[in-house]
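Asker: Before I ask anything, let me first share the structure, which is written out below as structure tokens.
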Amino acid sequence: MDFGVPREVRDLESRVGLSPAGVSTLASAGHVVYVETGAGKRAGFSDENYREAGGTIVYSAQEAYGRADVVAKVTRPTADEHVLFRPGQTIFSFLHLPVSSPDLLEALTAREITAVSYELIQEEDETRPVLLPASIIAGQMAPIVAGRLLRSDYHGRGILLSGLPGVPAAVIVIVGAGTLGSSAARAFAGMGAEVTVLDKDPRKLQTLYDRLHGRVTTMFANELNLKRATRFADVLIGAASKTGRRAPMLVSRDMVKQMRRGSVIIDYAIDEGGCVATSRPTTLRNTTYVAEGIIHHCVPNITAAYGRTTSYAITNAALPYLLAVGEAGTLAASDQMPALKQGLTLVDGRLVHQEVAQALGLSI
């Protein structure tokens, strides 16, 4: 089967759909992999790295799409890429269709594309294996981002995350105890911050509490507890999500208003619409804005800041599914792999994912 790896075109996007190691694995299995020139440059992968791995370098996005039966991307295609879709091909990517521009679904439908949404691939234990490493990376980044934004020269509260003897540590409130929220909690606790995590699933709170040996405070995520926790937060991390749907709006504008000026909100749920009422998407070029006196950081592709690590991680997680599709075709592979079937969003341009359809107000 022929695979295509186009260069990601969004501003400052440094991730790439497949690392050279991933290309090597597919090539060794007898597949042809067309890699657009410069596709891996920002992640530190040269065209020569891909050639040595068995890839074929092509010199335009038109070729990367046009020659491919299966396209491996990271971010959802832009409007300029829609016209490059080859009718009948399969596209693997983080699509987040419930919050994407309507023209993406229109293009996927018109070109009869079969689409696999990485964020929806889900195992029976509810693990989302391709989303998992990106969530872990984002969580581990949280203290790095928050520590910078709290600095006085960034107009933050001037608070050191760890505090000092006789000086309190920063208060961190994390909404959501899934993979990302748990990763962030572990990272902040390791820095010595005071961490509180809220979630509506008591099992997730218990698991996190046990794993961190009681070093975090856990609370049920009802409105009263959210108001209490956010009031004293130096940093609020939004990490609440719903598979195949918009993120739940859990933090209201009134909750944001009661926070102390110069505090920080990092809404990681922004790629699914955000879980904080005052959130709106920002970019890696312009990462923050101030609303209600609070510094907001809402970058959907935040892990692109560590493009090489993230590209390796996503490739490692996605390869089993790409190999299965290369061997059997998309539909047969999805029948053999229930997790892949969970991520199958469109088939030949027809929406087949029930939760996504409901989120879009459509029927299937």
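Asker: Take the residues in the stretch 331-364 that are over 15 Å from Leu95 (Cβ atoms) and among the hydroxyl-bearing types (Ser, Thr, Tyr), then tell me which one is modelled with the highest pLDDT.
Answerer: Per the stated criteria, the residue is Ser334.
Asker: Only residues that are closer than 16 Å to Val325 by Cα and part of a loop (DSSP other than H, G, I, E, B): list them for the stretch 1-52, please.
Answerer: The answer is Met1, Gly17, Leu18, Ala29, Gly30, His31.
Asker: Filter the stretch 67-93 down to the residues that are surrounded by fewer than 18 Cβ atoms within 10 Å (Cβ to Cβ) and more than 18 Å from Thr330 (Cα to Cα) and list them by number.
Answerer: Thr78, Ala79, Asp80, His82, Val83
Asker: When you go through (1) among the aliphatic types (A, V, I, L, M); (2) in contact (Cβ under 8 Å) with a residue 24 or more places away in the chain; (3) not assigned by TED's automatic domain parsing to the domain that holds Ala177 one by one for Ala146, which number turns out not to apply?
Answerer: Checking Ala146 against (1) among the aliphatic types (A, V, I, L, M); (2) in contact (Cβ under 8 Å) with a residue 24 or more places away in the chain; (3) not assigned by TED's automatic domain parsing to the domain that holds Ala177, the one that fails is (3).
Asker: Related question: Looking only at the stretch 250-266, decide whether some residue is assigned to a loop (DSSP other than H, G, I, E, B), hydroxyl-bearing (Ser, Thr, Tyr) and under 17 Å from His96 (Cα atoms).
Answerer: No, the stretch 250-266 contains no residue that is assigned to a loop (DSSP other than H, G, I, E, B), hydroxyl-bearing (Ser, Thr, Tyr) and under 17 Å from His96 (Cα atoms).
Asker: Given Glu112, Glu119, which one is assigned by TED's automatic domain parsing to the domain that holds Phe85, charged (D, E, K, R) and outside any loop (DSSP other than H, G, I, E, B)?
Answerer: Exactly one residue qualifies, and that residue is Glu119.
Asker: Within the stretch 102-144, track down each residue that is closer than 14 Å to Pro300 by Cα and among the small types (Gly, Ala, Ser).
Answerer: The answer is Ala134, Ser135, Ala138, Gly139, Ala142.
Asker: Next question. Looking at the stretch 277-364, what strands (runs of 3 or more DSSP E) fall wholly within it and have at least 1 residues that are polar (S, T, N, Q) and not assigned by TED's automatic domain parsing to the domain that holds Leu180?
Answerer: Passing ranges, in order: 344-347.
The values are calculated or read from the model by the stated rules, or taken from the named source; none is laboratory data. Quick caveat: nothing in here was measured; it's all calculated off a predicted structure. When we count neighbours, we look across all protein chains shown, and the Cβ atoms used for this are built from the backbone with ideal geometry, even at glycine.
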